[in-house]
Amino acid sequence: MMYSDKVLDHFQNPRNVGEIEDANAVGLVGNAKCGDIMQMFMKIEDDKIVDVKFKTFGCGAAVATSSMATELVLGKTIDEALQLTNRAVMEALDGLPPVKVHCSVLAEQAIRAAISDYYKRQGIDPEPIVGKIEEVDHDHEIACD
Ligand code: FES
């Protein structure tokens, strides 16, 4: 069996799919090699992630990892969310095949990109806090269901 039951479950029933209309943190990242893109929406209040949703035009592992990543950061502080690694997301899913590891990186980067946007909206340079992120063009619309 190539995928764990948890990966299959999160792929078939992804949690927190969609958009948050009044999000105050939105990140869009992509992987140049596979062409997959992922958008993450957050509502942050008093440094806490009170709501999070995602949309992805990506593979099954991208869906599963972003679904798990949203569950792991919901209710957490910004600091806690920034400590979430793709490795932790993979572990929470009982692992991924090696060729799919980059998909979990996309989920980690999408969270960082959203938090980076949160700081930018307040006129704060996010790079010292969040690190460097390869974001894709914000005008790019994602087709996703
Ligand atoms: Fe690119 Fe999974 S194959 S995100």
Between a first residue in region 34-53 that is crowded, with 23+ Cβ neighbours inside 10 Å and a second residue that is assigned to a loop (DSSP other than H, G, I, E, B) and among the polar types (S, T, N, Q), which pairs have beta carbons less than 6 Å apart while being 6 or more apart in sequence or on different chains?
Val52/Asn16
Residue satisfying all of: in region 24-35; among the hydrophobic types (A, V, I, L, M, F, W, C) and within 13 Å of the ligand (Cβ to nearest atom); nearest to Thr56 (Cα to Cα) among these:
Val29
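Can you name the helices (runs of 4 or more DSSP H) wholly within region 60-145 that have at least 1 residues being in contact with an Asp or Glu (Cβ under 8 Å, 6 or more places away or on another chain) and modelled with pLDDT of 95 or more?
60-73, 78-82, 86-92, 101-121
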Can you find even one residue in region 67-87 that is loosely packed, with under 14 Cβ neighbours inside 10 Å and farther than 26 Å from Lys33 by Cα?
yes
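Restricting to region 1-23, and then to whatever is in contact with a helix residue (DSSP H, G or I) (Cβ under 7 Å, 6 or more places away or on another chain) and assigned to a loop (DSSP other than H, G, I, E, B), can you tell me which residue is farthest from Tyr118 (Cα to Cα)? I'd like the intermediate steps shown before the answer.
Looking only at region 1-23, we keep the residues that are in contact with a helix residue (DSSP H, G or I) (Cβ under 7 Å, 6 or more places away or on another chain), and these are 7, 10-11, 14-16.
Narrowing further to those that are assigned to a loop (DSSP other than H, G, I, E, B): 14-16.
Working: Pro14: 24, Arg15: 22, Asn16: 19 Å.
Filtering region 1-23 for residues that are in contact with a helix residue (DSSP H, G or I) (Cβ under 7 Å, 6 or more places away or on another chain) and assigned to a loop (DSSP other than H, G, I, E, B), the one farthest from Tyr118 (Cα to Cα) comes out as Pro14.
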Checking the condition within 13 Å of the ligand (Cβ to nearest atom) and in contact with a Leu (Cβ under 6 Å, 6 or more places away or on another chain), which residue from Met68, Met38 passes?
Met38
Considering (1) within 16 Å of the ligand (Cβ to nearest atom); (2) among the hydrophobic types (A, V, I, L, M, F, W, C); (3) surrounded by fewer than 17 Cβ atoms within 10 Å (Cβ to Cβ), say which one Cys59 fails and leave the rest.
(3)
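The values are calculated or read from the model by the stated rules, or taken from the named source; none is laboratory data. None of the values given here were measured: they were computed from a predicted structure. Quick reminder, even Gly has a Cβ in these numbers, built from the backbone with ideal geometry, and neighbours come from all protein chains shown.
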